[in-house]
Amino acid sequence: MMRNVNPTTTIAAVAILAACSPPPKAAAPSAAPVVDTAAVAAVIQGGEARWGKEYEARDAEAVGAHYAPDAVFMPLEAPPFRGREALIAAMKKAPVDKDYTMVFLPESVDVAASGDLAVSIGSFEQHRSLPVKVVKTGTYLASYRKQSNGAWLVTALCSTLDAPLGMGVSKMAAAAKPADFQKSP
C-alpha cells in the first residue's frame, strides 16, 4: 500500500531537522597581517632625509615624487598647493638660489596598525639668500598613505616656525651672525 505524503509535511519535517541541527562552524577569521611599523618608519624617515637634498638640488620632479597626486602642501608664506603638479610647477618657477639649503630631521613616525597610514613629525632648517638672506627653523607634520605599489606618499604637509624670522633656535641658525638675518618681505 502506497501512501501519499503531503508536501507540507515533508517541508515541516525538513525545517524541524534543520532547526535541531547544530549550526555550521564558521571559519575562524584570518589574522590581519602584522605590520612592521619600525620598518615603515625607517622607510619614511629615509625618504624625508633625501627630501632635503632634492629640495637643495631644485629637483622639482624628485620632490614631487614624495607627494600623492591629490596631496595638499601648506607652505609657511603662501596659500596651499593642491596636488602634486601644483607643487612641481611652483618649484620650477622659483628663482635659482645658489645658497639654498634644506634639512629635514625626522623625529617620530606613528604608523597605523592597519599599515596603510602614517604621520611623521620632525624639524627643518632652511637657508636661502633670495630675495634676502634668511634662515628658517621649525617643525613639520606630514601625513602619509601607503599606495597600491607599496610606496609611502605624503597626503598633507604643514609646518610652523620655531620663532620669528631671524630668531631661529637651531644650532646652525644660532651660530650665524645676527647681521646675516633679515625679515622676509
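Once you charge only the Cβ atoms, +1 for Lys and Arg and -1 for Asp and Glu, what is the size of the charge dipole of region 37-180 about its Cα centre, to the nearest 20 debye?
Details: 15 positive and 16 negative charges, 54 e Å.
Charge dipole, region 37-180, about its Cα centre: 260 debye, nearest 20.
Give me T137, T155 ranked fewest to most by other Cβ atoms within 10 Å of their Cβ, as a rough exposure proxy. Kindly include the intermediate steps, with their values, before the conclusion.
Details: T137 23, T155 17.
By the 10 Å Cβ count, ascending: T155, T137.
Going toward the positive end of the dipole of region 37-180, with +1 on Lys and Arg Cβ and -1 on Asp and Glu Cβ, which of Q126, L141, P69 do you reach last?
Towards the positive end, the residue furthest out is Q126.
For region 37-180, which semi-axes, largest first and in whole Å, follow from the square roots of 5 times the eigenvalues of its Cα gyration tensor?
On the way: eigenvalues 141, 64, 30 Å².
Equivalent ellipsoid semi-axes, largest first: 27, 18, 12 Å.
Just rank K136, K93, fewest to most, by other beta-carbon atoms within 10 angstrom.
On the way: K136 22, K93 8.
Going from sparsest to densest Cβ surroundings: K93, K136.
Read-outs: derived from the displayed coordinates by stated rules, not from any lab. Everything quoted here is computed from the prediction, not taken from an experiment. Reconstructed Cβ throughout: ideal geometry from the backbone, glycine too, with neighbour counts over all protein chains shown.
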